[in-house]
Every structure is written in C-alpha cells, then in structure tokens.
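The values are calculated or read from the model by the stated rules, or taken from the named source; none is laboratory data. If you're wondering where the values come from, they're calculated on a predicted model, not measured in any experiment. Note: ideal-geometry Cβ built from the backbone for every residue, glycine included; neighbour counts use all protein chains shown. The accessibility values were calculated without ligands, DNA or RNA, using every heavy atom of the protein model including side chains. Shrake-Rupley method; radii C 1.70, N 1.55, O 1.52, S 1.80 Å.
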Amino acid sequence: MAAGEPRDVWPLAAELGEGPVWVERDRALWFVDIKKQAIHRYDPASGDKSSWDSPEQVGFILPAEGGGFVAGLQSGLFHFDERSGEFALIVEVEADLPTNRLNDGVVDPHGRLWFGTMDNGERAKSGAFYCFGGGRLTRTPIDNIAITNGPAVSPDGRLLYYIDTLKGTIDCADIGDDGSLANPRPFVRIDPSDGHPDGPSVDSHGCIWIALYAGWEARRYSLAGELLERVRFPVANITKIAFGGDDLRTAFATTARQLLSAETIARQPQIGDLFEFAVDVPGIPCPLVRL
C-alpha cells in the first residue's frame, strides 16, 4: 500500500522547521524551528499546540531518561525542562568554532545520542559527527562536511546512516558495541536536480526515509538502496519526517521557508508548515537519551 497524501496540520510558517520526534510518554510530536529559536509540541489527538523560546539556535530536541529533553543548541548539549522552560548545559561542543552550530540528532537503542555539527553559513566544511554516551562526548572520524544531516540508526542499532547534504550523499557505517564506527561506505546518492538530502528516518523494516530539500518530496529506500516509495508535497523544502500516533503509522514532516523570496512563498503558501501523511510500515519508538 502506498503512503497517503500529505495534509497540513499546523500552519506555523517555520523559517527552518526541523528535528521532528514522537515522544511516547507524552503522546505528542516535538520539533524545532532552528532560525526562530523555537521548540514546538503538537498533540494530534487534542489538536493542542505549544511553543517555547530557546536562548540559541536549536537543531534538535530528544527525550531524556528521568524526564525533560536533551536539546542541541548552537553551543552544545543542554537539558531542557518543558515545565519551567529552563535550559541547563550538559556539555559544550566545538567551543573553538563559534560559527558552527548543532544540526540534527538521533538516539540509538543503547541511549547514546548521535548528532552532527555544521557551518552556520552553510559553506565551510567545518562540520563533524559526534556521539554522546556514558556521559562522554566523542568526535567520530566523519568530518569535513559543510551541512551534516542525520544521523539515523537501524532498528538493531548496528548501522549509522549519515548525510553530506551539499554532496548529495547518504553513507553508512557499522556501529561497534563500544560505539565506535567502522567500514564506512556509500548507500545512496541524490542527483542535485532532484533536490538535496536532508533529514533521514528509519522505519521498523529498516528502510530509510529521506526528506528532500528543494525536492518537493520524501523518499523511502530499501536496505539495498533501492527507491521504494516517494511522497510528493505542495511545498519544496522538506526537512525531516518522524513516525508517530498510536501505531507509529502517521508520518509527520517538517518544512522550511528560510531565504525564500515573497514571490516564491506566494506560490507555495504552506511552506514552513507541519504536515502529516499515513504510512503502511510503522516507525520505531524513539529511545530515551541516557544522561
């Protein structure tokens, strides 16, 4: 069965909507607007919508053990308490690179947090991927990237998928028991005329969904890198999808309108909104970050 038609569920006109994640304990979708320094929560059952201000650009928000969230702010990882709206520093990241920011993140089945950094101007190849686990921050050998996206982790926690957006490449590597990476290899390359690969997400069959920026669609690829499905949107810049709802068969998609002219926005007025569509194969629950 093919995926359903995308439906606009929150017309919030985000500059750079990103990082959607379904939080099981909350039965709600959380996501960010990086450029407006905002955190958003959407409850599809009640239709309730809530927002919080962030003190810096925020690339992702992921649920933490013991309550609250880990937020990837420009300067590092912070614990975010949604009840008080307060942020507390966990660890600084790349303090020597003030023009970099954190972009996208994922939690593996062991509670380790994997995330990327990037040049805020989207030009310099100053970005790298990191792993935060056991209270320690480790820089991986994957670096020299202008715009990192992902990573995403296979359901068994054995494979890491990571994206170099400007090169149009999605690669993967094996994750060792100790969190080390080995055997990096190409997975899929997106032709620039089709758009730029943005956030990746993995479903319960281990297939990878890729959001396409300037591509008007999200794509689903098999483990072998074969294109299985495509979902077209009424807007060009799809940034990432997340699976939610009671059965994890509702896909939510964030979009972005940053740097677009008024004329371009007028031609696609829903750009920057939050969308949802039905999928046949459910996602996997997001593990909690172990602090």
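Would you confirm whether any residue within region 28-40 is farther than 19 Å from Thr254 by Cα, in a strand (DSSP E or B) and open to solvent by less than 10 Å² (accessible area, probe 1.4 Å)?
Residues of region 28-40 that are farther than 19 Å from Thr254 by Cα, as a first pass: none.
Checked against the condition, which is being farther than 19 Å from Thr254 by Cα, in a strand (DSSP E or B) and open to solvent by less than 10 Å² (accessible area, probe 1.4 Å), region 28-40 yields no hits at all.
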Residue count, region 208-244, condition crowded, with 19+ Cβ neighbours inside 10 Å and not hydroxyl-bearing (Ser, Thr, Tyr), comes to 20
Taking region 101-121 and the residues there that are more than 16 Å from the chain's Cα centre (by Cα) and not small (Gly, Ala, Ser), the one that is nearest to Gln57 (Cα to Cα) would be Asn120
Of Thr148, Thr117, Thr140, the only residue that is open to solvent by less than 10 Å² (accessible area, probe 1.4 Å), polar (S, T, N, Q) and in contact (Cβ under 8 Å) with a residue 40 or more places away in the chain is Thr148
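Has region 73-88 got at least one residue that is more than 20 Å from Ala256 (Cβ to Cβ), among the aromatic types (Phe, Trp, Tyr) and under 16 Å from the mean Cα position of the chain (by Cα)? Quick ask: steps written out before the conclusion?
Step one: of region 73-88, the residues more than 20 Å from Ala256 (Cβ to Cβ) are 75-88.
Now narrow it down to the ones that are among the aromatic types (Phe, Trp, Tyr): 78, 80, 87.
After this cut, where a residue has to be under 16 Å from the mean Cα position of the chain (by Cα) as well, the list is none.
No: zero hits.
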Conditions (1) open to solvent by 10 Å² or more (accessible area, probe 1.4 Å); (2) of a type in the set (Ser, Thr, Tyr); (3) in a strand (DSSP E or B) -> Ser46 fails only (3)
